[in-house]
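Notes to accompany the following structure.
The values are calculated or read from the model by the stated rules, or taken from the named source; none is laboratory data. This one's a predicted model, so the numbers in the text were calculated from it and none came from an experiment. In this analysis, Cβ positions are derived from the backbone assuming ideal geometry, glycine residues included, and neighbour counts consider all displayed protein chains. Surface accessibility is based on the protein's heavy atoms, side chains included, excluding ligands, DNA and RNA. Shrake-Rupley method; radii C 1.70, N 1.55, O 1.52, S 1.80 Å.
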Amino acid sequence: MGVSGNLQSMLPGDLLQWLSLGQKTGTLLLRNKAVEKKIFFRNGRVISSASNDPREYLGQFLMSHGYLTEPELMKAMEVQLQSSILLGKILVMIDVITEPELQRLMRLKAEEEIYDIFLWHEGEFQFIDDSLPTQEMIPLQVDVTGIIMEGTRRVDEWERIREVIPNETLMATLIAEIPVEDLELDEVQQTIIAAIDGRRTLAEIVLESRSSSFIVCSTMLTLVREGCVKLTDPALARQMAAPRTVDSGPIPILAEASEDDEIVSLLNRAQTSLRGGEYEKAQRFLKAAENLAPNHLKVRSAVRGAEAAILSDLRRNGLLETKVPRVAKAFEEITAMNFTPNEGFMLSRINGQWNIGSLIKISPIREPDAMLIFYKLWKDGIIAFD
């Protein structure tokens, strides 16, 4: 018999333990906002997993572990498109990784995808009995008890991390040589350290290293305590240096309105913005609705519909995946501008050779968000197309 519910009423650890002790076979589907994950069970053991979050794709995971570069991923994905062979098998065939190492990393990837669920504040789940994917999977055997123990440990550690690192807007700067061998840093942590350049915020390091917020912040906490890294708030520095301005603040909501009224108001305003071609404004209203009710059916449906409509409009207006962008402004002018972490990441990958579709494929950013970034950069004259 299947089961469904909310992760606030049945915690991830309890849910996984129930499936393990019951020796269940089937698919556990979990949703939180736009992220959807699937964990496949056979006789109570995790045999594979899948996620629609680009940050958790195999190619991104291998880059975070130093096995793959962006150009290598690009070539492998071109082969995959032509052959329909699993990406992992292609990478083994071209000697990027060995079969045993691929198995090890696939297992780690599945574990990391599940650990992330323990840190969700909201989420819905559904277990579908005896339902497993028909497509070929690389088989895994993941111990559920170990996952529950580590997931619970991360919940406790995350609370301690947030006491020192309240958010990812802080900027990391190296202030001493890092004793890599003494600290016993693994391959992922070394990738994170390589992304520290004194200019990137933690959010930008998350993108650059293709790692999770938890692992980046955990690594930074260790480095701060060892006296190797200093964290500063660039927004606070800018605020102290700049003249005072009026803060527009969050999107206003009627104080007396019920939650359903607020949701309807936000969705209506998103639709109005969408019809007027104000895509970024529409996205702001939709994100506000998501933050208010992450798993509300109306919100989820509105987000999917809006994203599809925006993508359709952008393509109709000439923003096609086949177009090759180039930077249209001088480097000095660009460095003086402020970009979001996602915008900065995409802009830094534009080389005049890779088209939009390829840039999206190698990035850890969702396609609707990435296409809106290219649209904004194009509209603002920062990029152009030949």
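Brief remarks on what is shown
- Loop sites in segment 126-212: trypsin sites (Lys or Arg not before Pro), DSSP, at most 15 other Cβ within 10 Å: ARG199
- Expressed as a whole percent, the accessible surface of the chain that belongs to carbon and sulfur atoms is 51, based on a 1.4 Å probe.
- Cα centroid separation - segment 72-143 against segment 361-386, whole Å: 27 Å
- Nearby lysines by direct alpha-carbon distance to LYS37 (threshold 27 angstrom, same-chain neighbours under 8 apart not counted): LYS24, LYS75, LYS89, LYS109, LYS287, LYS298, LYS361
- Exceeding the 19 Å Cα-Cα cut-off - candidates LYS329/LYS376; LYS329/LYS379; LYS281/LYS329: LYS281/LYS329
- GNM result for the chain, Cα springs below 10 Å: residue of GLY13, GLY318, GLY59 fluctuating most strongly: GLY318
- Using only alpha-carbon positions in segment 1-144, the gyration tensor eigenvalues give semi-axes of 29, 16, 13 Å once each is multiplied by 5 and square-rooted (largest first).
- Summed over the residues of segment 325-386 and divided among them, the accessible surface reaches 46 Å² per residue at a probe radius of 1.4 Å.
- Heavy-atom accessible surface of segment 115-190, averaged per residue, reaches 60 Å², computed with a 1.4 Å probe.
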